[in-house]
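Here is the structure we will look at.
Read the figures in this text as sums done on the coordinates, not as results from a lab. What you are looking at is a predicted structure, and each value in this text was computed from that prediction instead of being measured. As a convention, Cβ positions derive from the backbone with ideal geometry for all residues, glycine included, and neighbour counts pool all protein chains shown.
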Amino acid sequence: MHDRLFARQSEWAGQANHVAIFQGYAAELELDTQAFDACLESGRWTDAVNADLAEGVGLGVQGTPAFFIDGYPLYGAQPFDVFQYALELAEQGVLGQAYQPAP
């Protein structure tokens, strides 16, 4: 389901019927749809998700994936080399000098 949500984000993001779309994905993936629906309806994770969302917004996150290395954001799916380079700079204490905010 995780992979499906990310791969098809353009289909559900900002849509009023996103719950129905998620339920359709659950059926397509042959998940236990009764358990899935019960979980959604329970609202058990609503507060945790909203808290994570608020934290991300407060940190300036505008999408996923988002990473922070030594306090500096790295947005989007990046190749391993980018992470390796950023970590090397952070270890040397010079990541801040190389950081360029997104336009």
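Would it be correct to say that residue 81 is assigned to a helix (DSSP H, G or I) and under 30 Å from residue 94 (Cβ atoms)?
yes
Just checking, does the range 64-77 include any residue being more than 18 Å from residue 101 (Cβ to Cβ) and in contact with a helix residue (DSSP H, G or I) (Cβ under 9 Å, 6 or more places away or on another chain)?
Yes - at least one qualifying residue is present in the range 64-77.
Looking at residue 73 and the list (1) within 19 Å of residue 5 (Cα to Cα); (2) assigned to a strand (DSSP E or B), which single condition is not satisfied?
(1)
Restricting the search to the range 49-67, which residues are farther than 22 Å from residue 10 by Cβ, loosely packed, with under 11 Cβ neighbours inside 10 Å and among the hydrophobic types (A, V, I, L, M, F, W, C)?
51, 54
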